[in-house]
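Reading through the structure tokens given below for one structure.
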Amino acid sequence: MSFNREEALHRAMLLFWQHGFEATTLNDLTAALGVPPSSIYTAFGDKKGLFLEAVGCYLSGPVTSQSIIENASNGREAAWGLMEAAAIGFTGDDTPAGCLLASAAISCSDQANDIKEALAAIRLGIEKQLQQKIENSVAVDEPSASWDAEVLAAHTIAVIQGLSTLARDGADREKLLRVARTAMLVWQCSVTP
């Protein structure tokens, strides 16, 4: 193979992030990677294989949703950490606006249902991790409180998806952070002792 695999994944990730799965053509990929289609097929199997590995690249940064959730002292801190990281990541100087997981499959046809399902499973996995963190922290920190951990986790993911859309529409980082801070107000209303 005549290219650096990690560099190829990074370039492909940026293309998929900017244009989505189906709108990114094999011609776009070969031009960006500087290789013939046969090299992509040899290295990644097909476009879907390349896309799924590019998603893995996207999810494996130095700060991940898993590390944010695991390192947070409670569910509220984890939710804020996810939204803050999203606001920063969705407005990077060297990356497309928004979230690859949110935007890559938005306009996929039925032929790409497996891609939509794979991305939905990733998002649901993050939501479930957050829900578990909320449930665990309530049991320890606020055992007399009644939290709807499922709804709080889903709310956080919904806000993150909304932040992605706002970023793609041109909102800057400060606006996204203000939206995230406002979304955190729901935590004050969600506890019933």
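The values are calculated or read from the model by the stated rules, or taken from the named source; none is laboratory data. Just so we're clear, the structure is a prediction, and the values are computed from it rather than from any experiment. As a convention, Cβ positions derive from the backbone with ideal geometry for all residues, glycine included, and neighbour counts pool all protein chains shown.
Remarks
Residue-wise test of (1) loosely packed, with under 15 Cβ neighbours inside 10 Å; (2) under 17 Å from THR25 (Cβ atoms); (3) among the basic types (Lys, Arg).
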site	(1), (2), (3)
ASP46	yes, yes, no
LEU50	no, yes, no
VAL55	no, no, no
GLU70	yes, no, no
MET83	no, no, no
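- Test: residue in the stretch 133-143 that is crowded, with 18+ Cβ neighbours inside 10 Å and at pLDDT 90 or above: yes
- Residues that are in the same structural domain as VAL138 (by TED's automatic domain parsing) and part of a loop (DSSP other than H, G, I, E, B) occur at least once in the stretch 109-124.
- Entry remark, the stretch 118-139: residues being farther than 16 Å from ILE157 by Cα and without any contact (Cβ under 8 Å) to a residue 12 or more places away in the chain number 1 in total.
- GLY92 being among the small types (Gly, Ala, Ser), under 25 Å from MET184 (Cβ atoms), free of Cβ contacts under 8 Å to residues at least 60 places away in the same chain and not in a helix (DSSP H, G or I): yes
- Residue count for the stretch 95-114, restricted to those that are surrounded by fewer than 21 Cβ atoms within 10 Å (Cβ to Cβ) and at pLDDT below 85: 7.
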